[in-house]
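To start, the structure itself, in structure tokens.
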Amino acid sequence: MQPTRILPDLQCSLLCEEIRQEVTGNFFLVGVINYIRVPQVPVVAFKLSVFNRWTAGVGQFTETVRFVAPDQTTVLRKGEVKFALQDAALHATNVTVFGQVEFKAAGTYYVEVSVDDVMKLRYPVPVIVAPPAQGTPPAPSGSPASAA
């Protein structure tokens, strides 16, 4: 008996600065993100990409990727994509791109990955404020410097 539907396994999920696809079909991940260090908040990330690979499933599915604020209820970005797996030995790769993500405060943000409303993975993305090191000249403030 051939199964008609098996919920797939999430083989991997990586948050990256950018994801490119080569002519061969292989993916090139740029800047895999462990945490986001910024000099101040609020700050806007130009682009964040989520690379997901599914396997060991059969059927048609809907992947949902959510980027959640530290309060764990505010959804900053959400992406959905439909995909199919014809055989459990195959895999599907999905890329979700979130543009202009604003981080209003430091803290732990979360990436949530679900398939057909079943959460498969939730992982933290800490946003850390790290002011410029001592000895680094401050950025110009736009006002003239006072003479001593």
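Give, rounded to the nearest 20 debye, the magnitude of the charge dipole that the chain has about its Cα centre when Lys and Arg contribute +1 at Cβ and Asp and Glu contribute -1 at Cβ. Numbers along the way, then the final one.
Values: 12 positive and 12 negative charges, 39 e Å.
In total the dipole reaches around 180 debye.
Net charge around ILE6, counting only other residues with Cβ within less than 14 Å of its Cβ (Lys, Arg = +1; Asp, Glu = -1)? Mind showing how you got there, number by number?
Details: positive: ARG5, LYS120; negative: ASP9, ASP87, ASP116.
Residues close to ILE6 contribute a combined charge of -1.
Please pull out the direction-averaged projected area of the chain, using the convex hull of its alpha-carbon atoms, in nm² to one decimal place. Present the calculation step by step, with values, prior to reporting the outcome.
Numbers: hull surface 49.6 nm².
Averaged projected area of the chain's Cα convex hull equals 12.4 nm².
Which aspartates and glutamates have a Cα lying under 14 Å from the Cα of LYS104, excluding residues fewer than 8 positions away in the same chain?
By straight Cα distance, LYS104 reaches ASP71.
Which net charge results when you count Lys and Arg as +1 and Asp and Glu as -1 among the other residues whose beta-carbon is under 10 Å from that of ARG66? Can you show the working numbers first?
Values: positive: ARG77, LYS78, ARG122; negative: GLU80, GLU112.
Around ARG66, the surrounding residues sum to +1.
Would you look at the GNM of the chain, springs on alpha carbons closer than 10 Å, and say which of PHE67, PHE28, PHE51 moves the most?
PHE28
Using the Cβ atoms and a cut-off under 14 Å, what net charge is assigned to the surroundings of LYS104, where Lys and Arg are +1 and Asp and Glu are -1?
Details: positive: ARG77; negative: ASP71, GLU102.
Value of the local net charge: -1.
Name the residue from GLY59, ALA84, GLN11 whose Cα lies farthest towards the positive end of the charge dipole of the chain, charges +1 on Cβ of Lys and Arg and -1 on Cβ of Asp and Glu.
Of the listed residues, the answer is GLN11.
Where a number appears in this text, it was derived from the coordinates with a stated rule and is not lab data. Nothing here was measured: the structure is a model prediction, and the numbers come from that model. Quick reminder, even Gly has a Cβ in these numbers, built from the backbone with ideal geometry, and neighbours come from all protein chains shown.
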